[in-house]
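See structure below.
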Amino acid sequence: MRAEVEKLIRAILDEADCIDDLIDAMREQREAMQARDTEAVNSLMDETRDISFEVQTLENIRADVAKKLAAGLACEPNVSSLASMMESEEREEFNRAADKLSQSVFLLKSEIMILNGLIDQNERYTSMLLSEWRRLNGDTISQSGSADFRG
């Protein structure tokens, strides 16, 4: 197998593995939220931020390697174009790596949708609680946060 193709496959798998680490951290964060473990949530937020930066770095590396390989093969830097220029053994391994990355991205999108749903749900719940608190306290504090001295 050509070294350039191996380098691209390795870059793809590194990115997929890092995305999988991000998914794991997000799931742990969700579990910590359910357990109301604030310390763990904060720690995992830091971890997910760090992993996200690492994913971005690996994505840039993968894109650069793909562009260089595509330039050398005189094709476009996308999966189908690159695969069409590869030998059979290279193509099989490359396609497996690309499928793994696609699957990892799909799972990450699913986790993000779940997290966004939880955030929206929390926002609505908090709004309802705040509204009820204001009602019970006679709305002594206005929406702007200043005291309401009306009779």
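The values are calculated or read from the model by the stated rules, or taken from the named source; none is laboratory data. Computed from a predicted structure; not experimentally measured. Positions of Cβ are backbone-derived with ideal geometry, glycine not excepted, and every protein chain shown enters the neighbour counts. Only protein heavy atoms, including side chains, enter the accessible area calculation; ligands, DNA and RNA are left aside. Shrake-Rupley method; radii C 1.70, N 1.55, O 1.52, S 1.80 Å.
Of the residues R2, R36, R27, R10, the single one that is surrounded by fewer than 16 Cβ atoms within 10 Å (Cβ to Cβ), farther than 20 Å from K109 by Cβ and touching a helix residue (DSSP H, G or I) at 6+ places or on another chain (Cβ under 8 Å) is R2.
Criterion applied to V41, V65 was being farther than 16 Å from K7 by Cα, open to solvent by less than 70 Å² (accessible area, probe 1.4 Å) and assigned to a helix (DSSP H, G or I), and the one residue passing it is V41. What are the pairs with Cβ atoms under 7 angstrom where one residue, in region 74-98, is in contact (Cβ under 8 Å) with a residue 40 or more places away in the chain and the other, located anywhere, is in a loop (DSSP other than H, G, I, E, B) and surrounded by fewer than 18 Cβ atoms within 10 Å (Cβ to Cβ)? Sequence gap at least six, or different chains. That search, which allows pairs on different chains as well, returns L82/C75; E89/M1; E90/M1; E90/R2.
Can S104 be described as surrounded by 13 or more Cβ atoms within 10 Å (Cβ to Cβ) and hydroxyl-bearing (S, T, Y)? Explain how you work it out, then say what you get.
On the way: surrounded by 13 or more Cβ atoms within 10 Å (Cβ to Cβ): yes; hydroxyl-bearing (S, T, Y): yes.
Here the answer is yes, as S104 does meet what is asked.
Given the structure, is I12 more than 30 Å from I119 (Cα to Cα) and in contact (Cβ under 8 Å) with a residue 40 or more places away in the chain?
On the way: more than 30 Å from I119 (Cα to Cα): yes; in contact (Cβ under 8 Å) with a residue 40 or more places away in the chain: yes.
Considered against the rule, which asks whether it is more than 30 Å from I119 (Cα to Cα) and in contact (Cβ under 8 Å) with a residue 40 or more places away in the chain, I12 comes out as yes.
Residues checked against (1) in contact with a Leu (Cβ under 7 Å, 6 or more places away or on another chain); (2) under 16 Å from K7 (Cβ atoms); (3) outside any helix (DSSP H, G or I):
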site: R49; (1), (2), (3): no, no, no
site: Q56; (1), (2), (3): no, no, no
site: N60; (1), (2), (3): no, yes, no
site: L82; (1), (2), (3): yes, yes, no
site: R91; (1), (2), (3): no, yes, no
site: Q103; (1), (2), (3): no, no, no
site: L108; (1), (2), (3): yes, no, no
site: G117; (1), (2), (3): no, no, no
site: R124; (1), (2), (3): no, no, no
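For region 105-118, the criterion of being more than 23 Å from D17 (Cα to Cα), free of Cβ contacts under 8 Å to residues at least 40 places away in the same chain and of a type in the set (S, T, Y) is met by no residue. The number of residues in region 15-43 that are among the basic types (K, R) and in contact (Cβ under 8 Å) with a residue 60 or more places away in the chain comes to 2. Does M86 qualify as being outside any helix (DSSP H, G or I) and either open to solvent by less than 40 Å² (accessible area, probe 1.4 Å) or farther than 30 Å from N122 by Cβ (or both)? So M86 passes the test. So is M113 assigned to a loop (DSSP other than H, G, I, E, B) and either surrounded by 15 or more Cβ atoms within 10 Å (Cβ to Cβ) or modelled with pLDDT under 95 (or both) or not? Judged against the criteria, M113 is not a match.
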